[in-house]
């Protein structure tokens, strides 16, 4: 590189241009986001009427509703939360507090979890398909979908929970031991309360990912048309992303509007969950 | 005192039980891995008999198990095209955003801009698919001729730029092997440049005959690209942030402009993290399903035109499962065969991404 005064002007102009190019990259993302949200609102807002929220899906546009999909998604997420939270937080605690860090087994567990986090969601769908498809009473039920989604988000929550547990100050842990606590008492009294906000941020983000995921559910076999509301984990169900995908596959523009309305509702769920997570995280970072 | 002792014993027992339970929870992830590999192999193994394993990798232009066309190439090229074009959007967008956020933005602007990427990352892929099918494709259809013209001019500029720079560095380097690689790449780009310039008028006029199909690779790739941009941006930003301040200050102190500092000092110092973010983005784009299924079409025929429709590996899997494929049938097996290949492709890329960080990272 030549640093002569004569080319200083040129270099300064180049500097300015690239600053705007870098800004342009993020501005493009913002423009895309605004375009996407506006497009959805224009298309779907007028379909958002009370009966849309109260009705079943139907081949007739004016009677079609989103209720079974909403309830199905809620059943799914509830089951996923009940299954994943204890398992993933438990394994995060084991990895951080109990496991021998120098052992080969620990290294293997770490590599295994980070690789699992990179497996595409559709492959989890195949696992669910292979597990449940031969059992008629489970196929296409909330249970099969929820287990599939749980396995999918398990590594994600384990990674984020470990980060939260790592952030607990050593001082507090040693003080607890000094009081004569056993390991589990220490975990209950110190680690869990201290790491809770961090853990819950990770859990919320992972659950909202599960809420919007369609491909594994399509593979495991969510019902395409539901005539009864789901009333337990062994009932058939449809979920919000599945219903949206269904509507988009019809050529009629009215169904596209229904899909847009469905997406608006899905996004309301997701964005409120995400902003809750962000607020929780900011509070947590400030208090530290 | 005896009661106390019993209490302690009970306490220790409880500790042991809890430890075992937690260990069991941890083992669930191991069981998941074994389950994935076992089920993929078990369900796809019957397919490989009768010489079909050779048919799978034979070159062919059609994938259709029903009519016994078992060549995976159409699906594979579909996936590769989606990856190529989506990374063409995601890599510059993600890296540019990361550089802006970590080097240029002050904390206030950062706190406004950063959530944009977080929201983009939180939007489900069904939404991206819907949007690209309903909005991006019509936009592309009506504007394709001038988009193609701009792309042509842009392509000419980029190829000549790359050619000149590569040949320049090629001449400067001393190792003979790298010299050959640089010079070979330089000549390739310059010949592309020559080809484009010689035929410029012909190509320029032909852009008005371009036609965009209702389902096409390009609009799906744009959506996939924007979708994986946050991944590239956040990982690259982490890498850029971990470069120590002293390096930047040294460079600025020597009189380099901000851009020169960023481009010649900070980015090279963070290159391991940046490249691994690119590879993870590729792996994500390979596994992306819903956008591709909704906007890129479902035609498993070999096609290299980005304005035409294709089917990717993931797209094929989703298209089959919806049609209630009978368990154990040949089509059921093919879904698992594709899944097996997909699994090992992404696994390989993820391991590569980690290796690159280990090998290239410089600790400060």
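What spacing in nm lies between the two simple spin-label points modelled at residue A:105 and residue B:109, each 7 Å away from Cα in the Cβ direction?
Going by the 7 Å Cα→Cβ label model, 5.3 nm.
If you project the alpha carbons of segment A:1-115 onto their three principal axes, what span does each projection cover, largest first, in Å?
Result for segment A:1-115: principal-axis Cα extents of 73, 58, 19 Å.
Hey, could you grab the Kirkwood Rh for the protein assembly as shown? Inverse mean 1/r over distinct alpha carbon pairs, Å, one decimal.
27.2
Using the basic label-point model (7 angstrom from Cα toward the beta carbon), what is the residue B:6 to residue B:238 distance in nanometres?
Those two pseudo-labels are separated by 5.2 nm.
If you take each beta carbon of peptide B:88-101 and count the beta carbons of other chains within 10 angstrom, what is the mean? Don't jump to the answer; show the numbers that get you there.
Values: counts 0, 2, 0, 0, 4, 6, 3, 2, 10, 9, 3, 7, 9, 3.
Average per residue, whole number: 4.
Using only the alpha-carbon atoms, what does segment B:89-193 span along each of its principal axes? Please give whole angstrom values in decreasing order.
49, 40, 22
Take peptides B:72-78, A:112-118, B:51-57 and line them up by average Cβ neighbours within 10 Å, highest first, as a rough protection proxy.
B:72-78, A:112-118, B:51-57
log₁₀ I(q)/I(0) of chain A at q = 0.07, 0.08, 0.13, 0.17 Å⁻¹, via Debye over equal Cα point scatterers, no solvent, to two decimals?
So the normalised log intensities work out to -0.39, -0.49, -0.99, -1.32.
Calculate, in nm to one decimal, what residue A:137 and residue A:171 gain on full extension: separation in residues at 0.36 nm each, minus their alpha carbon distance. It would help to have the intermediate numbers written out before the result.
Numbers: separation 34, 0.36 × 34 = 12.24 nm, distance 5.20 nm.
Length difference between fully extended and current span is 7.0 nm.
How many Å³ per residue does the convex hull of the Cα positions in segment A:2-51 occupy?
It comes to 60 Å³ per residue, whole-number rounded.
Determine, for each peptide in A:263-269, B:299-305, the mean count of other beta carbons within 10 angstrom over its residues, then list the peptides with the highest first.
Numbers: A:263-269: 20.0, B:299-305: 17.9.
Order by mean packing, descending: A:263-269, B:299-305.
Report the calculated FRET efficiency for residue B:179 and residue B:30 (r = Cβ-Cβ distance, R0 = 35 Å), to the nearest 0.05.
0.15
For residue B:208 and residue A:279, what is the calculated FRET efficiency with R₀ set at 56 Å and r taken between the beta-carbons, to the nearest 0.05?
With R0 = 56 Å, the Cβ-Cβ based efficiency is 0.60.
Assign one of three labels to segment B:196-271, namely rounded, prolate or oblate, based on the Cα gyration tensor with a ≥ b ≥ c the square roots of its eigenvalues; rounded applies when a/c is under 1.5, prolate when it is not and a/b is larger than b/c, and oblate otherwise.
Oblate.
Quick check on the exposure proxy: order A:186, B:290 from fewest to most C-beta atoms within 10 angstrom. Please list the in-between numbers first.
On the way: A:186 19, B:290 29.
Taking fewest neighbouring Cβ atoms as first place, the list is A:186, B:290.
By its C-alpha gyration tensor, with a ≥ b ≥ c as the square roots of the eigenvalues, how is segment A:74-114 shaped: rounded for a/c under 1.5, else prolate for a/b larger than b/c, else oblate?
prolate
Give me the Debye-computed log₁₀ of I(q)/I(0) at q = 0.20, 0.22, 0.23, 0.25 Å⁻¹ for segment A:63-140, equal point scatterers on Cα only, no solvent, two decimals.
For the requested q values the scattering log ratios are -1.11, -1.16, -1.18, -1.20.
At q = 0.19, 0.28 Å⁻¹, what log₁₀ I(q)/I(0) does segment B:271-328 have when each alpha carbon counts as one equal point scatterer in the Debye sum?
So the normalised log intensities work out to -0.76, -1.08.
Mean shadow of segment B:1-97, computed from the convex hull of its alpha carbons, in nm²? Present the calculation step by step, with values, prior to reporting the outcome.
Details: hull surface 54.6 nm².
Dividing the Cα hull surface by four gives the mean projection, 13.6 nm².
Can you give the direction-averaged projected area of the convex hull of the alpha-carbon atoms in chain B, in nm²?
Dividing the Cα hull surface by four gives the mean projection, 29.5 nm².
Per residue Cα convex hull volume for segment B:23-74, in cubic angstrom?
Normalising the Cα hull of segment B:23-74 by residue number yields 95 Å³.
For segment B:285-348 and segment A:112-160, write down the distance between their C-alpha centroids in whole Å.
18
Indicate the gyration tensor shape class of segment A:21-87 (rounded, prolate or oblate), computed on the Cα atoms with a ≥ b ≥ c the square roots of the eigenvalues: a/c under 1.5 is rounded; otherwise a/b larger than b/c is prolate and the rest oblate.
It comes out oblate by the Cα gyration axes.
Given C-alpha coordinates of segment B:307-359, what is the ratio Rg to Rh with the Kirkwood estimate of Rh?
On the way: Rg = 15.2 Å, Rh = 13.0 Å.
For segment B:307-359, the value is 1.17.
If R₀ is 35 angstrom, what is the calculated FRET efficiency for the pair residue A:46 and residue B:197, using the beta carbon separation as r and rounding to 0.05? Let's see the in-between values first.
Values: r = 52 Å, r/R0 = 1.48.
Here the calculated transfer efficiency is 0.10.
What does the average come to when, for each residue of peptide A:142-151, you count the partner chain Cβ atoms lying within 10 Å of its Cβ?
Working: counts 0, 0, 0, 0, 0, 0, 0, 0, 2, 6.
Shielding by partners across A:142-151 averages 1.
Pop a pseudo-label 7 angstrom from the Cα along the beta-carbon direction at both residue B:246 and residue B:48 and give the gap in nm to one decimal.
It is 5.4 nm.
Which whole number gives the average count of other chain Cβ atoms within 10 Å of the Cβ atoms across peptide A:6-14? Numbers along the way, then the final one.
Details: counts 0, 0, 2, 0, 0, 5, 3, 1, 4.
Per residue, the average neighbour count from other chains is 2.
Mind ordering A:155-167, B:196-208 by average Cβ neighbours within 10 Å, highest first?
A:155-167, B:196-208
Over segment B:125-250, what portion of Cα pair distances is larger than 20 Å, expressed as a whole percent? Can you show the working numbers first?
Details: 5270 of 7875 pairs.
Taking all Cα-Cα pairs of segment B:125-250, the fraction more than 20 Å apart is 67 percent.
Please compute the Kirkwood hydrodynamic radius of segment A:170-274 from all pairs of different C-alpha atoms, in Å with one decimal.
Roughly 17.3 Å, rounded to one decimal.
Counting only Cα atoms, I'd like the Rg/Rh figure for segment A:86-217, Kirkwood definition for Rh.
Radius of gyration relative to Kirkwood radius: 1.06.
Just how many % of Cα pairs in segment A:109-156 lie over 18 Å apart, if you round to the nearest whole percent?
Here the tail beyond 18 Å accounts for 31 percent of pairs.
Over the Cα atoms of segment B:232-330, Rg to Rh with Kirkwood Rh, two decimal places?
1.28
Read the figures in this text as sums done on the coordinates, not as results from a lab. Source: prediction; values computed, not measured. FYI the Cβ positions are ideal-geometry reconstructions off the backbone, even for glycines, and counts take in every protein chain you see.
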